[in-house]
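The values are calculated or read from the model by the stated rules, or taken from the named source; none is laboratory data. Note that this is a predicted model, so its numbers are computed, not measured. We place every Cβ from the backbone using ideal geometry, glycine too, and count neighbours over all the protein chains shown.
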Amino acid sequence: MIEFENVSKSYGESKVLDRLNFRINPGEFVVLIGPSGCGKTTTLRTINRLIEPDGGKVFINGEDISKVNPVQLRRTIGYVIQQIGLFPNMTVEENIAVVPKLLKYPKEKWQPIVRELLELVGMPYKENAHKYPSELSGGQQQRIGVLRALAASPPIVLMDEPFGALDPITREALQEEVKRIQKKLKKTIVFVTHDMDEALRMADTIVFMSGGKILQMASPEELLQNPADPLISEFMGKHKGAPGASLTAGDFMKTRVLKASRKTQTLQSVELMRKRDVNSMIVVNDDDTYAGTVSLDTIKALGKAGKEIGDMMEDQAPIVNLNEDAHDTFEKLYTSPVGYVVVLNDDKTVAGLITKTSMAKAMGEALWGEMLS
Amino acid sequence: MGGNAVMTFVAFCIDHQKDIFNCLVRHFQLVGISVAAGMLIAIPLGIFLSRFKHFALAVLRLAGMVQTIPGLVMLGFALLLFGIGLPPALFVLSIYAILPILQNTYTGITEVEKSYIEAAKGIGMTNGQILRKIEIPLALSSIVGGIRTSVVFTVSWATLAGLIGAGGLGDLIWTGLSTYNTNYILAGAVPSAIVAIALSGLISIIQKSITPRGLKGVSV
Amino acid sequence: MSNLTPLIIEHLLIVLAAVAISAVIGVSLGILSYWVRPLDKIILWVAEIIQTIPTLALLAMLMILFGLGNITIIAGLVLYALMPIIRNTYIGLEAIPAHLKDAARGMGMSKPQQLIKIEIPFSLPLIFSGIKIALVNSLSIAVMGVLIGAGGLGYPIYRGIQTNSLERILSGAIPVVLMAMILDYLMTKMEKWMVRKSPQN
């Protein structure tokens, strides 16, 4: 377990970490994310004492790490960096075995570890162990970078934007591998990224930081549903309402709907609808609450000039509350005899309308991001 | 130079083989001792400077200035300080030997990519281990390059040692120059040139052979 | 000091004459290495071998050819100065971006036109830097001229050694070191100016 207690760090005037308090449980995959300069990398580097905080304490399993020899500490914590940093003068095997060797493991002990780890990422020992880093592709290099961090079986692994320099396809493959390895070996991983996709894909818990503070620490699910700060929603961009997150009726409706008072006269109504090129409209009471709907067909069938539309309203359109669950709304839309659903605010005024078109558009946006047209 | 002159020279060399051999041995001693001294001083100093960079600029600039002082002048200083013989010659040669090794050790170590140091530190290497396992191996080729330059310099300046009675192949050249004897000149000049070229080539080969495979050819 | 002035001038003239000759030969050989591919390795290798030969050995052998006097030291300095000039010319020309060469060829420039209009201007700062290195080194090496009967500032230094006179040694050494430092400083400034003016920027 890793605990931060009032951890602060300043460089001159600028506060990089501002009284951080949080806790990471064993076996948890925690992703630190935020805009650049938010303090996420600094936070990570305080865990293995590459950075010493000015104030506060960091505990690992209840032990104040400032009392632990930093070199000894680092040997028990895996570390993976974006620049990979495989030692070019050492072979793949030597790179992976470097920490076990520092810990004075005998060869009989570290060599099977190397074999096993290479097996784990699908790089057979025989073909790869004696290559030099320069003979590997970027993705393979970072696989070895991860293995080097795992070799002495540290319970905690720190990863600082490990896949930032890789192409998207390799990155995705490595994300999956690391997630798989983490689950298999039950590691606690603290992972820094600025890529929300990556965070959502990998994290058990996301720590969103800004200005050296934690804005929100929550599961990806929770972060998507209830972002605690506009900055977080902005950062998530297209992920707002990603599949699996719970959407409400409000997310699918169109708000530009044709409304008219029940006192509106028939001819005027026909004109309004024609102008907007729709064939029905919503009728509201004097206090702006929902009264019903009226369709062009009904007016043509029943209406006479000068009559008020309030007299020929229908109530076949299903009604949902703004916060109605997306799934229920969807069913109502499909069973609606009029082909749309009316969305009401809590005070019964009209919030909008969901049509099949607006529904499709909203789903598209949820899947593929903002749509322009 | 005609065939006749070559024959005369060969005959001269055979005649004086013992002298030439002794001078050659002395030359090697001069070079060997001064380069060894240069390494002993320059490599630790270079490492030290790479740790304390604010000293480094001043020291390296000073070293660069010393290097522009002509060899003859340095020899003159040493002569005035220590008198005639081996010590002043070794003193001057050692100073010349230090400079290239110092420069190359310093640049070799400071040019080691930051990410390697960061990674090494992050996985729990002590400063000493980072130096031994990462920095020195990565700087080794540069350091050996410095030693090569240093050897070439000292082989060259050691020919001047003859001027202050320290012997070496310079003695033969010097005798030849002052008596206008071509054979003496060649008996000193040719071996010293061969020694310089051979040592330089040899160290180049060593330099290549100690460069780990991972650092050759394809880079990341 | 007054009796030093002619020596300083002589020293400087020897060095300037040698570096000027060496610059003409060195730049030509640099261009040749650049143009005629298989020659580059040989030319650079030979220049390096020459530089490896101990100074006194080279000068003494040249003396056999040219006799005692200034010609011999100039010949020696020319040979020593070749290496930095050839190398820098070659590297400078090699470093020209391929798109520039393509553009020049595409516009229908002949090889010499490319060289004069594009390649030389482009690599000029580096060539100049090679000449600077040659010049500074030569100032120091020229002191050795006294051993083969040449003039210049080697004379007071050598006399100082023979007579155990620090004063005499310094009277020769200080002007040499000062000239080297001043020339280095001025030429480094010029080099920076050239880099700023160079077509690269």
Can you tell me which residue is farthest from C:Ile169 (Cα to Cα) among those in the range C:1-49 that are within 14 Å of chain B (Cβ to nearest Cβ) and under 13 Å from the mean Cα position of the chain (by Cα)? C:Ala47
Listed residues B:Glu135, B:Glu118; which is in contact (Cβ under 8 Å) with a residue 24 or more places away in the chain and under 15 Å from A:Phe87 (Cβ atoms)? B:Glu135
Output the residues belonging to the range C:123-163 that are polar (S, T, N, Q) and under 19 Å from the mean Cα position of the chain (by Cα). C:Ser123, C:Ser129, C:Asn137, C:Ser138, C:Ser140
If you take just the strands (runs of 3 or more DSSP E) that sit entirely in the range A:270-373, which of them hold at least 3 residues that are of a type in the set (Lys, Arg) and buried (at least 19 other Cβ atoms within 10 Å of the Cβ)? none
Among the residues of the range A:1-58 satisfying the criterion of being crowded, with 19+ Cβ neighbours inside 10 Å and aromatic (Phe, Trp, Tyr), which is nearest to A:Ile77 (Cα to Cα)? A:Phe29
Within the range B:119-134, work out how many residues are in a helix (DSSP H, G or I) and either more than 10 Å from chain A (Cβ to nearest Cβ) or surrounded by fewer than 19 Cβ atoms within 10 Å (Cβ to Cβ) (or both). 6
Going residue by residue through the range B:192-210, is there one that turns out to be of a type in the set (Lys, Arg) and over 23 Å from the mean Cα position of the chain (by Cα)? no
Those residues of the range C:145-185 which are within 9 Å of chain B (Cβ to nearest Cβ) and among the polar types (S, T, N, Q), in sequence order: C:Asn164, C:Ser165
Near pairs, Cβ below 6 angstrom, 6+ apart or cross-chain, from the range B:155-175 (assigned to a loop (DSSP other than H, G, I, E, B)) to any residue that is small (Gly, Ala, Ser): B:Gly165/B:Gly85; B:Ala166/B:Ala89; B:Gly168/B:Ala158; B:Gly168/B:Ala161; B:Gly168/B:Gly162
In the range B:172-183, what count of residues is obtained for those that are surrounded by fewer than 23 Cβ atoms within 10 Å (Cβ to Cβ), more than 7 Å from chain C (Cβ to nearest Cβ) and at negative phi? 6
When you scan the range B:73-92, do you find a residue that is under 18 Å from the mean Cα position of the chain (by Cα), β-branched (Val, Ile, Thr) and facing another protein chain (nearest Cβ under 10 Å), even just one? no
Only one residue in A:Gly78, A:Gly138 is small (Gly, Ala, Ser), closer than 20 Å to B:Met125 by Cα and within 14 Å of chain B (Cβ to nearest Cβ), so which one is that? A:Gly78
I need the full set of residues from the range C:50-60 which are facing another protein chain (nearest Cβ under 7 Å) and surrounded by fewer than 20 Cβ atoms within 10 Å (Cβ to Cβ), in order please. none
Give me the residue from the range A:43-68 that is within 14 Å of chain B (Cβ to nearest Cβ) and without any contact (Cβ under 8 Å) to a residue 60 or more places away in the chain and, out of that set, nearest to A:Leu223 (Cα to Cα). A:Thr46
Which residue out of A:Leu166, A:Leu118 is in a helix (DSSP H, G or I), among the hydrophobic types (A, V, I, L, M, F, W, C) and crowded, with 20+ Cβ neighbours inside 10 Å? A:Leu118
Options C:Ile148, C:Ile182, C:Ile116, C:Ile133; residue that is at pLDDT 90 or above and surrounded by fewer than 16 Cβ atoms within 10 Å (Cβ to Cβ): C:Ile182
With the checklist (1) in contact (Cβ under 8 Å) with a residue 40 or more places away in the chain; (2) under 26 Å from B:Pro88 (Cα atoms) in hand, flag the one item C:Lys132 doesn't pass. (2)
Taking C:Glu167 as the residue in question, decide whether it is of a type in the set (D, E, K, R), touching a Gly at 6+ places or on another chain (Cβ under 8 Å) and over 22 Å from B:Trp157 (Cβ atoms). yes
Criterion first (surrounded by fewer than 20 Cβ atoms within 10 Å (Cβ to Cβ), modelled with pLDDT under 90 and in contact with a His (Cβ under 9 Å, 6 or more places away or on another chain)) does A:Asp197 satisfy it? yes
Return a yes/no flag: does the range C:40-50 have any residue that is in contact (Cβ under 8 Å) with a residue 60 or more places away in the chain, assigned to a helix (DSSP H, G or I) and of a type outside the set (A, V, I, L, M). no
For the range C:85-201, please list each of the helices (runs of 4 or more DSSP H) lying entirely inside it that holds at least 3 residues being small (Gly, Ala, Ser). C:98-106, C:120-141, C:166-197
Evaluate the following for B:Ala193: is it at pLDDT 90 or above, facing chain C (nearest Cβ under 9 Å) and either crowded, with 22+ Cβ neighbours inside 10 Å or over 19 Å from C:Gly67 (Cα atoms) (or both)? yes
Determine whether A:Ile81 is touching a helix residue (DSSP H, G or I) at 6+ places or on another chain (Cβ under 8 Å), closer than 26 Å to A:Leu102 by Cα and without any contact (Cβ under 8 Å) to a residue 24 or more places away in the chain. no
What are the pairs, 6+ residues apart or on separate chains, where a residue within the range A:87-110 that is facing chain B (nearest Cβ under 7 Å) has its Cβ under 9 Å from a residue that is acidic (Asp, Glu)? A:Phe87/A:Glu94; A:Pro88/B:Glu113
Only one of (1) under 20 Å from B:Asp171 (Cβ atoms); (2) at pLDDT below 95; (3) within 14 Å of chain C (Cβ to nearest Cβ) fails for B:Val31. Which number is that? (2)
